[in-house]
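Peer 1: Questions regarding the structure given below will be posed in turn.
The values are calculated or read from the model by the stated rules, or taken from the named source; none is laboratory data. Quantities reported herein were computed from a predicted structural model and do not represent experimental measurements. Note: ideal-geometry Cβ built from the backbone for every residue, glycine included; neighbour counts use all protein chains shown. Heads up: the accessible areas ignore ligands, DNA and RNA and are worked out on the full protein's heavy atoms, side chains in. Shrake-Rupley method; radii C 1.70, N 1.55, O 1.52, S 1.80 Å.
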Amino acid sequence: MENKSAFVTGGAGFVGSHLTSKLLQRGKTVIVYDNFSTGKREFLPSKHERLEVVTADLLDIERLKKSLLELRPSTIYHLAAIHYVPYCNANPIETVMVNVAGTEAVLEACRNIEIEKFIFASSAAVYPIKDTLNFEDDPIFPCDIYGNTKYFGEHLVRTFHESTGVPCVVARLFNIYGPHETNPHVIPAILEQLQNGTEIQLGNLDPKRDYIYVDDVVDALIAIAENSSDSFEVFNVGTGEEYSVEELVDIVGKICELNIQIKQDEQRKRKSDRLHLVADISKIKNLIGWKPKFGIYKGLESLIKNEYSDLLNHQ
Ligand SMILES: NC(=O)c1ccc[n+]([C@@H]2O[C@H](COP(=O)([O-])OP(=O)(O)OC[C@H]3O[C@@H](n4cnc5c(N)ncnc54)[C@H](O)[C@@H]3O)[C@@H](O)[C@H]2O)c1
């Protein structure tokens with residue numbers, strides 16, 4: 001296998017499968033390394049001469065080393081993680097093992113080969129609770145176990161960069177939506193309930209988030225891999241705009257021409273929830289030349305057309 005290939009951990013998941021498809025479209029050879037805990041084989045092309053799928057766990061360090069030595073990729077996109085916050089809260093030790101020890105395992109395995117760039121999928125969850133824009137050089141203070149594992153992962157990546165000189169990038173991803181979502185986040189929860197009627201049950205309606213369409217995230221990850229410096233860099237990947245759950249429902253109602261009624265469900269309410277989480281994206285715009293192409297209306301419309309088209313055909 002030629003050297004200019006990409007190794008995508010978590011490549012069968014929501015973001016990873018879109019990234020894999022885009023890299024294949026761009027002529028790259030792609031190795032997906034995934035244990036299929038949330039990822040799905042059907043998200044990937046069934047057969048492709050430039051796609052190799054390794055079904056294995058991050059914590060299987062010998063398998064990781066063997067795969068990397070055999071396949072010698074030039075770019076690593078490390079996306080595999082446990083990511084759904086309620087699951088992380090209920091399973092903190094497993095979350096630390098996969099997100100922290102798993103990240104260290106990938107980095108350790110990378111020490112045996114020559115790579116050109118390492119990209120780590122971190123999260124907006126590393127930021128402290130605040131009501132204004134989040135900048136990459138803000139003080140970091142995660143407020144849950146998931147955010148803590150991502151922050152620890154960022155430190156491991158920086159230490160790897162300092163000890164090896166390999167260019168490394170931390171991408172702090174904000175709230176991603178689009179086709180193939182694997183975890184029961186708010187946007188799929190809205191759209192799935194609408195398939196059974198216009199009355200839907202939701203938890204907290206007020207928290208605002210920076211929702212970014214998955215195609216934009218994939219473009220940002222590839223742009224970062226191709227255009228970032230040879231050093232250690234951190235970039236926010238968001239839109240710079242925030243919307244509440246109520247605003248999302250309103251936009252979905254307009255796209256689908258539905259009069260949606262929201263019932264608040266106490267069971268769905270998170271006990272503590274930040275009210276705002278929004279990215280400042282001037283760094284990635286200025287240094288990488290990337291900016292999002294999808295506004296919230298266009299992104300939701302694209303998701304609905306792709307995966308929930310029955311909601312458009314109700315008249
Ligand atoms: N989706 C979002 O809104 C969002 C926001 C911020 C950050 N992120 C980060 O982006 C990355 C991708 O998230 P996603 O939404 O695609 O999640 P996902 O659950 O769809 O993808 C994770 C993938 O990793 C695989 N995986 C999990 N544990 C593994 C293990 N021990 N060994 C091997 N493979 C394993 C899963 O099978 C899955 O294919 C994650 O690191 C996540 O923390 C996602």
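Peer 1: Looking at this structure, is residue 236 polar (S, T, N, Q), modelled with pLDDT of 95 or more and assigned to a helix (DSSP H, G or I)?
Peer 2: no
Peer 1: If I ask for residues that are more than 24 Å from residue 224 (Cβ to Cβ) and near the ligand (Cβ under 9 Å from one of its atoms), which ones from the stretch 95-112 would you list?
Peer 2: Selection gives 97 alone.
Peer 1: Select the helices (runs of 4 or more DSSP H) contained entirely in the stretch 1-111, then report the ones holding at least 1 residues which are open to solvent by 10 Å² or more (accessible area, probe 1.4 Å), of a type in the set (Lys, Arg) and assigned by TED's automatic domain parsing to the domain that holds residue 169.
Peer 2: It comes to 14-25, 61-71.
Peer 1: Looking at (1) more than 22 Å from residue 164 (Cα to Cα); (2) touching a residue at least 12 places away in the same chain (Cβ under 8 Å), which is the one condition that is false for residue 93?
Peer 2: (2)
Peer 1: Restricting to the stretch 149-171, give me the number of residues that are among the polar types (S, T, N, Q) and touching a residue at least 40 places away in the same chain (Cβ under 8 Å).
Peer 2: Of the residues in the stretch 149-171, 2 are among the polar types (S, T, N, Q) and touching a residue at least 40 places away in the same chain (Cβ under 8 Å).
Peer 1: Can I ask one more? Condition check: in a loop (DSSP other than H, G, I, E, B), under 19 Å from the mean Cα position of the chain (by Cα) and in the same structural domain as residue 230 (by TED's automatic domain parsing). Does residue 115 satisfy that?
Peer 2: So residue 115 fails the test.
Peer 1: Can you list the helices (runs of 4 or more DSSP H) lying wholly within the stretch 245-315 that have 2 or more residues being open to solvent by 100 Å² or more (accessible area, probe 1.4 Å) and not assigned by TED's automatic domain parsing to the domain that holds residue 138?
Peer 2: Fully inside the stretch 245-315 and qualifying: 282-288, 296-307.
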